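The values are calculated or read from the model by the stated rules, or taken from the named source; none is laboratory data. Just so it is clear, the structure is predicted and the values come from calculations on it, not from any experiment. Note that each Cβ is placed from the backbone with ideal geometry, even for glycine, and that neighbours are counted across all protein chains shown. Accessible surface areas use protein heavy atoms only, side chains included; no ligands, DNA or RNA. Shrake-Rupley method; radii C 1.70, N 1.55, O 1.52, S 1.80 Å.
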Amino acid sequence: MILFFRRYFFLVLLLISCNRNEEINHDQSASEDPVDLVDPLVDAANSRWFFFNSATRPFGMVNLSPDMVINGAWNSGYRYHVDSIRAFSHIHAWQLSGIPVFPTVGHFKGHLGADVYASTYSHERETVRPGYHQIFLDTYGIDVELTSTDRVGFHRYTFPAADSAFIQIDLSTFLGPCDTDSGLIRRVNNQSLEGYAVMGATRRRPYPVTVFFAIQFDQPFDSFGGWKDGHIMGRGDEISGARIGGFIQFKTYTGDQRLMKVGISYTSIESARNNIEQELSGWDFDEVRTASRQTWNEWLGKIKIKGGDLIQRQRFYTDLWHALQGRRMINDYNGSYPDMTSGNLRIGQIPLGENGRPKFNHYNSDSFWGAQWTINTLWQLVYPRVAEEFVQSMLLMYQDGGLVPRGPSGGNYTYVMTGASSTPFVVAAYEKGLKNFDVEMAYMALRKNHMPGGMMSKAGYEHNTNIGGGLEYYIDRGYIPYPLPNGGKGYHESGSGQTLEYAFQDGCLAQMAKSLGHIEDYKYFTERSKNYRNIWYPKKGWMWIKNEAGQWKEPFDELLYGKGFVESNAAQMSWFVPHDVAGLISLMGGDSAFVDKLNKSFTEAAKQDFTSGKAHSSETHEDYRRTYINYGNQPSMQTAFLFNYAKAPWLSQYWSRQVVQKVYSDLSPEYGYSGDEDQGLMGSLAVLMKMGIFSMNGGACERPFYEIGSPIFDEIKIDLDANFYPGKEFIISVENQAEENYYIQKATLNRMPWERCWIYHDDLVKGGVLELKMGSSPNRNWGITEVPPTY
């Protein structure tokens, strides 16, 4: 009964947030388009600057949306319960922001600051769809509509009658993760402006990033003006410096519409202008909105589902929508891109193909920390071209700056999080046959990151030293001590947590070395990958913390958060051995002991719905962090599928469905990703779990494979990309699907009996049909004859 009312409540909230003129079809039909099932408002009351998406394309440079809160990387941007809008800005990305605009009428207030000129609004007069956002500014009586191409924001404003109407560009404000250091706004003619904004350095991004812009209007404006330091300046054609803003002024009649294009670039004004010319030459707003919708529908339609209820289908495609967001292109249409690895802007050029277009896109993104269980699997299976482009992008930055990044921002290294988190992604792409890059260069680039002076030497945001990673200790002693001697140079100096991550990443690199015939390297990194054993505390039965002298930390507390483990605790990270699950099972005393310990961990974690809180504000609460499994963050998101390796796949089926139900089923602005969706990572995980597909090592092994879980739909159809894979489609067909039918009773692959709880990647991409018959009681004999491989 409680579940019924909860689901009813979420459906009511969804209906409120939808356009009142559009009807929702509760029954699935053949004409149901995936794009129309996406709800961008899920979890919109929570999370961070780059989370919310509306007027954007897949991985687009422009992510145009309203900003209710403009100061800070967390709890900022679009915030569903904040009552006023302060900007419509064009960039919401990892450590990046830029170009906030705002229309007003009446007495001009732009120079007085966003808290003064902000407008109230109502969700009753708001429509949010993939590629489109409409909202009414109550204070000014202006209806705002937003859409975009990849690199151009497109605005349509419907004004009331006003003697003085304005559109302003505020370059005086702190915006998201960074301040606006300085800028320039220049009137080109009475229908266009141009300029740039220098977005200041942050603790995470060490150098400023300049965002160049070109703005075009469909109608002439009457005058151009600006302000500096809170004072309106005399009329002229240009204003520059710190704490500036600019505006155009014109007269309107009731219902007058004004269109505005804002092209952006990280390289030059000319490139911003060219991005407009190439991507948005016309002025048909509805045509662009429709094109954006169609683009999203094509991307989302790569996975087609049947069955489930309306909320489940809506949440699935909302998860998939997020999986294609956050990590954004930074190159121009012509392939020029910013290289800031030296601290000064160098304009690079992506190689061009025979068609004159860049061979790939260059991307900005947060860390790939946890990507092995999320975007590794989803992108490389369903969107292999994107995965390959990300590898090419990483190697381009390696050529520019000397290191494969683990979270680049506007051409900067950020050194976000820990270890060499990009290694599993690159290795998995190679092992799955995505090889349109210099493979030997890629291997040597990854190898460099695993050696002193590489990424493994650096803790989080450690820009100027190579100490916090503790790599020398890891190599010499087989573990990283906590506290780290001479440490304090970066974030996440977390000894045992780093040790576990490095061991996995070494195991991945060893697999690529073996495939390429680098046998000595294979042996060396394989040996290093066993270092996880050095922090196993037999007396307590958990991974634990050692100091420099090799002594165990006292007192022992497996639920102690941080202080030796990266954003987690010993209970969560003791399972972090994805490259050698068989070895971990042995340490824990064999299959039975392993299953018992893991099952008890899930039973305890279920008391908190498998998270440390449903929002970031609660996630940081000390008591909530004392949990055995946390599906609100990356370190333990693989745990439900570990049972497959200990001959208990029915428990993987059961617990993975419980996690989906408790963590990834809400459909409201208040809930969704329990604090941090993290640029597609949690969205990807939710998609995979609902499909019943997972990959423990992310495919970073000599012959990649997928584990089989418990799908929640009657049918899942994956369209395979013919440019990469031989098959046309892979279908998971589920018989006897029901909310309580978690368990696989039997399976066939292409009509032949299938007794494994896993399948090789190269078999899956040949295409075919995996049929699963489900039931409410576990079949303890299915899937146990051959456990998934380990390194």
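Heavy-atom accessible surface of residue 477, to the nearest 10 Å², is about 110 Å², with a 1.4 Å probe and all protein chains retained. Helix 495-516 and the longest principal axis of the C-alpha atoms of the chain enclose an angle of approximately 80°.
For the range 730-771, GluC sites (Glu not before Pro) are listed when DSSP marks them as loop and at most 11 other Cβ atoms sit within 10 Å of their Cβ; the list is 740. By definition, a body whose alpha carbon gyration tensor gives a ≥ b ≥ c is oblate when a/c is 1.5 or more and a/b is not larger than b/c, and the range 658-789 fits this oblate description. With protein chains left intact and a 1.4 Å probe, residues in the range 287-383 average 31 Å² of accessible area per residue.
Legend: P(r) of the range 424-548 from all alpha carbon pair distances, 10 Å bins from 0, whole percents, reading 14, 41, 31, 13, 1. Rolling a 1.4 Å probe across the protein heavy atoms gives the range 388-519 an accessible surface of 26 Å² per residue.
On a 0 to 90 degree scale, rounded to 10, what angle separates helix 591-605 from the longest Cα axis of the chain? In the chain, helix 591-605 runs at an angle near 40 degrees to the longest axis. Does the range 724-791 come out rounded, prolate or oblate, given a ≥ b ≥ c as the square roots of the eigenvalues of its C-alpha gyration tensor, rounded meaning a/c under 1.5 and, failing that, prolate meaning a/b above b/c? Oblate, because a/c is 1.5 or more while a/b does not exceed b/c.
Nonpolar atom fraction for the range 90-153, defined as the carbon and sulfur part of the 1.4 Å probe accessible area, stands at 49 percent. Relative to one another, the C-alpha centroids of the range 454-504 and the range 721-779 are positioned 41 Å apart. Qualifying trypsin sites (Lys or Arg not before Pro) in the range 406-436, where qualification requires a DSSP coil assignment and no more than 16 other C-beta atoms within 10 Å, comprise 435.
Shown for the range 421-570: the carbon plus sulfur share of the solvent-accessible area, taken with all protein chains present and a 1.4 angstrom probe, equals 47%.
Taking 16 Å as the straight-line reach from the Cα of residue 489, the aspartates and glutamates in range (excluding those fewer than 8 positions away in the same chain) are 462, 472.
For the range 554-594, the list of chymotrypsin sites (Phe, Trp or Tyr not before Pro) that fall in a loop by DSSP and count at most 14 other C-beta atoms within 10 angstrom reads 556. For the range 517-566 and the range 121-177, compute the distance between their C-alpha centroids and round to whole Å. Using only Cα atoms, the two centres lie 52 Å from each other. Between the range 593-653 and the range 375-407, the alpha-carbon centres lie 29 Å apart. Judged by the gyration tensor of its Cα atoms, with axes a ≥ b ≥ c, the range 258-350 is oblate; a/c meets the 1.5 cut and b/c is at least as large as a/b. Accessible surface area normalised per residue over the range 531-574 is 40 Å², counting heavy atoms of protein chains with a 1.4 Å rolling probe. Checking the table 261/448; 435/458; 304/563 against a 32 Å threshold on Cα-Cα, which pairs fail? The answer is 261/448; 304/563. In the range 588-680, the portion of solvent-accessible area held by carbon and sulfur atoms comes to 45 percent [1.4 Å probe, whole percent, DNA, RNA and ligands not counted]. Distance between the modelled labels on residue 596 and residue 554, one decimal in nanometres: 2.8 nm (7 Å Cα→Cβ projection).
In whole Å and largest first, what semi-axes does the C-alpha gyration tensor of the range 360-410 yield when each eigenvalue is scaled by 5 and square-rooted?
The three semi-axes for the range 360-410 are 19, 13, 8 Å.
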